[in-house]
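Trainee: I'd like to ask some things about the structure below.
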Amino acid sequence: MRIEKVNELVKREISNMIQLGDINDPRVSLVTIMNVDVSKDLHYARVRFSVLSDDPKVVKQAAEGLDSCRGFVRKLIGQRMKLRYTPEIQFIFDKGVQYAARVDATLMEIKKNIQQQEG
């Protein structure tokens, strides 16, 4: 199986676990899985996630919730996917979405200021 396919399958499985309620932790309810990078030997998986909030407290709670269910997620992946090894999972917060939202807001403000100056 190609590594890109494994990355996508692991991403889909973890996303489904969150959406379908396999993970009961309420801290994880606002989490979106952005990307998965499984090592070539299938021993490790870096799972990048984002949260639908700018509040650092919510981000921290989501990260703690994901870390607390790491073993459970790994177990479910092992049961649902036919892989030689079930990867050890590491959850990493992806700041890209928040950064893009800040850039977007800044651009909108600049546009608004320009329109006020012209009008």
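Trainee: I need the full set of residues from segment 1-44 which are farther than 22 Å from A62 by Cβ and of a type in the set (G, A, S), in order please.
Mentor: S39
Table: residues versus (1) closer than 23 Å to D22 by Cβ; (2) in contact (Cβ under 8 Å) with a residue 12 or more places away in the chain.
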residue	(1), (2)
A63	yes, yes
L66	yes, yes
F72	yes, yes
Q79	yes, no
T86	yes, yes
Y99	no, no
A105	no, no
E109	no, no
Q115	no, no
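Trainee: If you scan segment 1-12, which residues turn out to be without any contact (Cβ under 8 Å) to a residue 24 or more places away in the chain and either acidic (D, E) or touching a helix residue (DSSP H, G or I) at 6+ places or on another chain (Cβ under 7 Å) (or both)?
Mentor: E4
Trainee: Another question, if that's okay. Return a yes/no flag: does segment 90-102 have any residue that is within 12 Å of the chain's Cα centre (by Cα), over 16 Å from S39 (Cβ atoms), modelled with pLDDT under 90 and in a helix (DSSP H, G or I).
Mentor: Scanning segment 90-102 turns up at least one residue that is within 12 Å of the chain's Cα centre (by Cα), over 16 Å from S39 (Cβ atoms), modelled with pLDDT under 90 and in a helix (DSSP H, G or I).
Each row is one residue, and each column tells you yes or no for (1) touching a helix residue (DSSP H, G or I) at 6+ places or on another chain (Cβ under 9 Å); (2) surrounded by 14 or more Cβ atoms within 10 Å (Cβ to Cβ).
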residue: K40; (1), (2): yes, no
residue: K57; (1), (2): no, no
residue: R70; (1), (2): no, yes
residue: I77; (1), (2): yes, yes
residue: G96; (1), (2): no, no
residue: A100; (1), (2): no, no
residue: A105; (1), (2): no, no
residue: Q115; (1), (2): no, no
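Trainee: Now for a separate question. For segment 13-25, give me each residue that is touching a residue at least 24 places away in the same chain (Cβ under 8 Å) and part of a helix (DSSP H, G or I).
Mentor: Of everything in segment 13-25, those that are touching a residue at least 24 places away in the same chain (Cβ under 8 Å) and part of a helix (DSSP H, G or I) turn out to be E13, I14, M17.
Trainee: Given the residues R80, R70, R48, which is the only one that is out of contact with any Phe, Trp or Tyr (no Cβ under 8 Å at 6 or more places or on another chain) and on the phi < 0 side of the Ramachandran plot?
Mentor: Values: R70 fails: out of contact with any Phe, Trp or Tyr (no Cβ under 8 Å at 6 or more places or on another chain); R48 fails: out of contact with any Phe, Trp or Tyr (no Cβ under 8 Å at 6 or more places or on another chain).
Among R80, R70, R48, only R80 is out of contact with any Phe, Trp or Tyr (no Cβ under 8 Å at 6 or more places or on another chain) and on the phi < 0 side of the Ramachandran plot.
Trainee: Still on this structure, I have one more. Can you tell me which residues in segment 71-119 are among the β-branched types (V, I, T) and under 28 Å from K60 (Cα atoms)?
Mentor: V73, I77, T86, I89, I92, V97, V103, T106
The values are calculated or read from the model by the stated rules, or taken from the named source; none is laboratory data. Everything numeric here is computed off the predicted structure, so don't read it as measured data. Heads up, the Cβs are rebuilt from the backbone with ideal geometry, glycines too, and the neighbour counts pull from every protein chain shown.
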